[in-house]
Structures are given as structure tokens and as C-alpha cells.
1. Hey, can you tell me all the residues within the range 145-187 that are touching a Gly at 6+ places or on another chain (Cβ under 9 Å) and part of a strand (DSSP E or B)?
2. Regarding the range 48-60, can at least one residue be identified that is among the hydroxyl-bearing types (S, T, Y) and open to solvent by less than 60 Å² (accessible area, probe 1.4 Å)?
3. Looking at the range 73-127, which of its residues are open to solvent by less than 30 Å² (accessible area, probe 1.4 Å), touching a Pro at 6+ places or on another chain (Cβ under 7 Å), assigned to a helix (DSSP H, G or I) and over 16 Å from Q33 (Cβ atoms)?
4. Give the range 202-218 a look and list any residue that's touching a residue at least 40 places away in the same chain (Cβ under 8 Å) and not in a strand (DSSP E or B), or say none.
5. Which condition number does Q46 fail, the rest of (1) at negative phi; (2) out of contact with any Gly (no Cβ under 8 Å at 6 or more places or on another chain); (3) without any contact (Cβ under 8 Å) to a residue 60 or more places away in the chain being met?
6. Filter the range 128-144 down to residues that are touching a His at 6+ places or on another chain (Cβ under 8 Å) and not in a strand (DSSP E or B) and give me whichever is farthest from I190 (Cα to Cα).
7. If you check G219, G207, which single one turns out to be farther than 14 Å from Y145 by Cβ and of a type outside the set (S, T, Y)?
8. So for the range 183-200 (the condition being within 18 Å of M133 (Cβ to Cβ), at pLDDT 95 or above and either within 16 Å of the chain's Cα centre (by Cα) or open to solvent by 60 Å² or more (accessible area, probe 1.4 Å) (or both)), does at least one residue qualify?
Amino acid sequence: MIEIIHNHIERGHVRHALFDFDGTVSLIREGWQPVMTSMMVELLLQTPAHESESELRRVVTEYVTRLTGKQTIYQMIQLAEEINKRGGQPQDPLIYKHQYLALLWERIKDRVAALKAGRVPPTDLMVPGAQAMLEAMHARGVRCYLASGTDEPAVLDEAATLQITPYFAGIYGAQDDYKRFSKKMLIERIIAENHLEGCEFAAFGDGYVEIEETKRVNGIAIGVASNEAARAGIDEWKRDRLIQAGADVIVPDFREHEELVTYLFDV
């Protein structure tokens with residue numbers, strides 16, 4: 001289940017690692033894409049010069065998926081541009097972002113409540129093997145960071161709910177002032193502050209952003225092509241996109257974390 005895309009990477013030196021959150025570690029927000037897409041299609045149907053619903057859905061799906069991994073606000077900025085193109089009067093993208101978050105909360109609030117009440121164990125709403133992978137990295141002395149395009153207060157709360165906060169030296173998420181944070185900025189800071197060579201840094205993610213930015217600094221990029229709904233198997237669309245972004249390794253999840261750690265640390 002571990003697919004090696006680039007076998008020439010220099011292994012055995014990882015000291016710092018970045019983990020994406022949604023779809024890589026957490027499944028709390030599984031299903032966010034249909035929520036966002038439906039909201040955007042509904043808004044675009046209200047514009048004066050809109051296409052058919054099916055064509056709008058195609059347009060929205062394309063840019064939502066293309067921008068996945070970046071902060072949510074970027075998808076809302078694109079929505080405002082699409083409304084303007086069709087003769088509408090867009091609102092501030094931040095308003096659309098909060099509208100979407102309210103809709104998403106309706107989808108996930110029962111999951112969060114069940115976790116906090118102890119009715120559901122954290123591992124039921126995590127990518128399989130994710131906690132064991134974090135434990136394995138921690139045991140090897142790797143300093144780990146959590147980064148997400150989801151708003152930082154939500155990431156902090158959901159990480160605590162999943163009981164994974166202690167594994168991370170830092171947890172970072174989107175800001176309303178979106179220019180203050182990006183995964184690119186965080187990766188560059190980790191590299192600079194710790195004087196890392198590329199092979200000393202690894203990133204795990206199911207979006208192209210963390211993969212591209214990791215390869216930009218010559219780090220090791222592990223693409224997590226998780227099938228979030230089934231909690232098993234490969235999501236082929238994610239796999240293709242992660243390979244295009246430059247992933248060195250593709251995994252469906254962390255069920256084979258021992259083998260993955262063995263590979264990364266060349267033992």
C-alpha cells in the first residue's frame with residue numbers, strides 16, 4: 001500500500017515534519033466539498049447571466065478542488081469573482097466564508113459533540129493509523145507541526161478533541177487576515193529557524209499545497225490519498241493530483257505506519 005514515486009530521495013535524516021489536518025489526520029470535516037459546492041452553485045444561480053445548474057456545478061467543482069489545501073478564503077475570493085463575471089454584486093469573500101462555515105457546522109456538529117462526550121473514540125474520526133504514525137514520529141524525536149487551511153481556532157479545538165495536541169510543537173490555521181499565514185510561510189520558517197537541509201524535513205498531506213511547497217525546499221513529500229468517506233483504499237483523484245504536485249511517496253492512510261517509518265528513516 002506504500003507507493004514509492006521517487007526512490008532517489010535521501011532518507012534517514014528527518015528531524016522536523018509537517019502534517020496537514022483535514023483528510024490527512026482528521027476526518028471530522030469529511031464531506032466539506034459538497035457543502036461548499038452546493039452553497040456556491042446556489043449563489044451563482046441567483047446571478048443575472050448564469051449558466052445551467054450542471055455547468056455551474058462543473059465550474060465550481062473545478063476551482064474548489066484546484067484551491068483545496070489553501071485557506072478557505074481563496075475559494076471564497078474565487079466565488080466573488082465568479083458572481084461578478086455573471087453580472088452579480090458580490091459580497092466581501094469573508095462573508096461567504098462565514099456563511100459556508102455555518103453550513104459546514106450543521107454537518108459536523110454531531111460528530112464533534114459525540115467526540116467530546118466520549119460516545120465516539122477519536123480514532124473513529126481520524127485517518128486510519130494517523131495516531132500511531134504521530135506516536136512513531138514522536139518516539140524518533142521528530143518535531144512535528146500541524147497546519148491547515150481551516151480557521152486556527154477550529155483546528156486547535158478539533159485537534160484537542162481528537163487528543164493529538166501533545167504530538168505537535170505548533171498548530172497553525174487560517175486567519176481572517178489571510179495574508180498573515182500560509183503553509184508556504186510556515187514551511188520556510190521551519191527550515192530557516194532550524195537550519196534544516198531539505199532531507200531533514202518531511203511533510204504529510206492530501207492537498208497539493210504542502211506537497212509543492214515541501215518539494216520547493218527539497219524536502220520529502222508524502223502524499224496521503226485518503227478515501228475519507230470509506231476510510232479505506234486510495235482516492236484516485238487525490239493520488240493523481242499529489243503525484244502531479246511532486247509527491248515522493250503515496251499512501252492511502254497510515255495503517256502501514258511501521259513500514260513507512262522504516263522507509264523514511266532508512267532502517
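The values are calculated or read from the model by the stated rules, or taken from the named source; none is laboratory data. Worth saying up front: this structure is predicted, and the values here are computed from it rather than measured. Cβ coordinates were reconstructed from backbone atoms using ideal geometry, including for glycine residues, and neighbour counts include every protein chain displayed. To get the accessible areas, we keep the full protein, side chains included, count just its heavy atoms, and leave off ligands, DNA and RNA. Shrake-Rupley method; radii C 1.70, N 1.55, O 1.52, S 1.80 Å.
1. Y145, L146, A147, S148, G149, T150, D151, G173, A174
2. Initially, the range 48-60 is screened for residues among the hydroxyl-bearing types (S, T, Y), giving 52, 54.
Restricting the remaining residues to those that are open to solvent by less than 60 Å² (accessible area, probe 1.4 Å) gives none.
No; the residues of the range 48-60 include none that is among the hydroxyl-bearing types (S, T, Y) and open to solvent by less than 60 Å² (accessible area, probe 1.4 Å).
3. I73, A80, I83, L115
4. D206, G207, Y208, V209, E210, T214, listed by residue number.
5. (2)
6. Pass one, the range 128-144, residues touching a His at 6+ places or on another chain (Cβ under 8 Å): 129, 132-133, 136, 142-144.
Going one step further and asking which of them are not in a strand (DSSP E or B), we end up with 129, 132-133, 136, 142.
Details: G129: 25, A132: 24, M133: 20, A136: 21, V142: 13 Å.
Restricting to residues being touching a His at 6+ places or on another chain (Cβ under 8 Å) and not in a strand (DSSP E or B), the top hit is G129.
7. On the way: G219 fails: farther than 14 Å from Y145 by Cβ.
Every option except G207 fails the conditions.
8. no
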